[in-house]
Amino acid sequence: MKFSQRLELRQSQSLVMTPQLLQAIKLLQLSGLELNEYVEAELEKNPLLERASEDTGPIAVSDAPAPDSALGTDSDWEGRALTPERGEIDPRIEVQLDNVYQDDAPPPTPAARQESEQMDQMGLSATSWSGVGGQSYDGDENNLEAYVAAEISLHDHLTEQLHVATTDPVDRMIGASLIDLVDEAGYLRDPLDEVADRLGVDLARVEAVLALIHRFDPAGVGARDLADCLRLQLVERNRYDPAIATLLDNLDLLARRDFASLRKLCGVDDEDIMEMVADIKALDPKPGLRFGGGTIQPVVPDVFVRKASDGTWMVELNSDTLPRVLVNQTYAAKISINLKSDEEKSFVSEALQTANWLTKSLEQRAKTILKVASEIVRHQDLFFAQGVQYLRPLNLRTVADAISMHESTVSRVTSNKYISSARGLFEMKYFFTASIAASGGGESHSAEAVRFRIKQMIDQEASNDILSDDTIVTKLKADGVDIARRTVAKYRDSLRIPSSVERRREKQAMAS
């Protein structure tokens, strides 16, 4: 074998992901809350970015080139207009941004100055005093969340009770370790022998401290399993007896609604078994969830769908979810004159480039969301007009081909984005459902619509005519839905609907 050196010239093509391209792609998949947090971070570190304090008017198509060809070029936005088909969509978008900043405040009146002096003499700060009606004199709106007490966690709630229940330092140490192992639902599932070995104490003492925790509020906390959790709550309510103890030992029969077997095991009649079942239903299977919940963030829709007076659908962006930022070109030009070192020039140039790309990416993101939402409304117009049963099959490729974008772009746009309509608030991904073939060779049916029809059938069934899965299949095929029995069973399980045998047992027991 002979080795030699030589020079070769090769030509190849590759796609390089620039930081600006990565930024544009990242912004697409962010939710409204995440986007605002991201923009806030950029405002803090980029001196050339500022919030738009004036009404920018309706969103318009920009003449600037798009930062990402995968997201669509200007010809995509301008050349392919969203023309309404069959009177379904009206592409008119009217997004007005409210002017929430009022910097031109009038000077204080003599009476206001005198009042401020009196407040200073009383030791009150005019910048923190709130007057009648909750109006703050510092120029900012009151933040009500600042006055809401923090919600106590389950860990803190149990720790406070532990300090009251025992003064022994060893028991407190064991109790603190056990409380640390309690999960958010209120269960302690770790083996106690491992806890005893880790702490270097006897297993009996760990069990004694756990028995002490079992008497804490909420009832059922520190339970080892579901049966133990229910038992602790029944003991606290003075409803624990041998019959209900047997029922707790056979929760699998209760889940299957096999009341006949439970009556035999517990040695009670129909009335007693139903009373015990009612007592079980009144308990909390996860007592810890009532504590430690974080602040619930409401879902804010990104797109509004409204029906116009002429019967067309109007698809509008929610201006509240769109961050309003501008590039301060005046400030950039002013500081550029006094730049001396290469480091300063590089910083300002990079900040200006980042600011320009951020504003363009935000604009491109809004346009892309609007295009995808409009195409979804066009396909699912019957859903918005008549309900879930008219939901059509839809996949990412169909929308991507219609708006000349890639499937991955559509997938990112529909993640954590919501559409608000007269039918309710829905995530965009809700409208993408699998298709089920029609038995007569007609138009296929949406899986979500079929699932809804199955639920309707079961909700409307009579107590003496329980529908089996085979019967549901027969009825659906008669309506033109070609579906298998295992698919009906899968949809029924996803809806948490018991089988026909369990439903029959439950309704018979209720009737008796």
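The values are calculated or read from the model by the stated rules, or taken from the named source; none is laboratory data. Quick caveat: nothing in here was measured; it's all calculated off a predicted structure. All Cβ positions, even for glycine, are placed from backbone atoms using ideal geometry, and neighbour counts span all protein chains on display.
Sub-9 Å Cβ pairs linking a first residue in segment 476-500 that is in contact (Cβ under 8 Å) with a residue 24 or more places away in the chain to a second residue that is assigned to a helix (DSSP H, G or I) and of a type in the set (Phe, Trp, Tyr), at least 6 apart or interchain, are Ile483/Tyr491; Ile497/Tyr491, ordered by first then second residue. Looking only at residues of segment 326-384 that are over 21 Å from Asp401 (Cβ atoms) and among the aromatic types (Phe, Trp, Tyr), we find that the one that is modelled with the lowest pLDDT is Tyr331.
Residues in segment 232-268 that are under 34 Å from the mean Cα position of the chain (by Cα) and assigned to a helix (DSSP H, G or I): Leu232, Gln233, Leu251, Asp252, Leu254, Ala255. For segment 384-399, a residue qualifies if it is polar (S, T, N, Q) and closer than 22 Å to Val410 by Cβ, and the qualifying residues are Asn395, Thr398.
Scanning segment 389-401 for residues that are surrounded by 18 or more Cβ atoms within 10 Å (Cβ to Cβ) and within 22 Å of Gln456 (Cβ to Cβ) gives Leu391, Arg392, Pro393, Leu394. Where helices (runs of 4 or more DSSP H) sit wholly within segment 1-92, those with at least 1 residues that are modelled with pLDDT under 50 occupy 74-79.
Listed here are the helices (runs of 4 or more DSSP H) enclosed by segment 150-205 that have at least 2 residues being touching a Pro at 6+ places or on another chain (Cβ under 9 Å) and within 19 Å of Asp217 (Cβ to Cβ): 154-165. From the list Ala462, Ala449, Ala478, the lone residue that is of a type in the set (A, V, I, L, M, F, W, C) and closer than 24 Å to Leu254 by Cα is Ala462. Look at (1) under 30 Å from Met274 (Cβ atoms); (2) of a type outside the set (Lys, Arg); (3) surrounded by 15 or more Cβ atoms within 10 Å (Cβ to Cβ); (4) free of Cβ contacts under 8 Å to residues at least 12 places away in the same chain and you find that Phe426 fails only one, number (1).
Within segment 298-314, the presence of a residue that is part of a helix (DSSP H, G or I) and not small (Gly, Ala, Ser) is excluded. Of the numbered criteria (1) in a helix (DSSP H, G or I); (2) surrounded by fewer than 19 Cβ atoms within 10 Å (Cβ to Cβ), the one Arg412 fails is (2).
Checking segment 357-378 against the condition returns no match, with no residue being touching a residue at least 60 places away in the same chain (Cβ under 8 Å) and either under 22 Å from Gly480 (Cβ atoms) or not in a helix (DSSP H, G or I) (or both). Of the set (1) more than 36 Å from the chain's Cα centre (by Cα); (2) closer than 28 Å to Arg172 by Cβ; (3) surrounded by fewer than 18 Cβ atoms within 10 Å (Cβ to Cβ), all apply to Arg224 but (1). Counting residues in segment 355-363 that are in the same structural domain as Ser319 (by TED's automatic domain parsing) and under 19 Å from Val315 (Cα atoms) gives one or more. As a summary of the residue check, Pro498 satisfies the conditions (1) outside any helix (DSSP H, G or I); (2) farther than 23 Å from Glu271 by Cα except for the one numbered (2).
Take the residues in segment 479-490 that are under 16 Å from Gln456 (Cα atoms) and not charged (D, E, K, R), then tell me which one is surrounded by the fewest Cβ atoms within 10 Å (Cβ to Cβ). That would be Ala489.
Residues in segment 197-218 that are among the basic types (Lys, Arg) and modelled with pLDDT under 90: 1 in all. Glu448 meets the stated requirement of being part of a helix (DSSP H, G or I) and of a type in the set (Asp, Glu).
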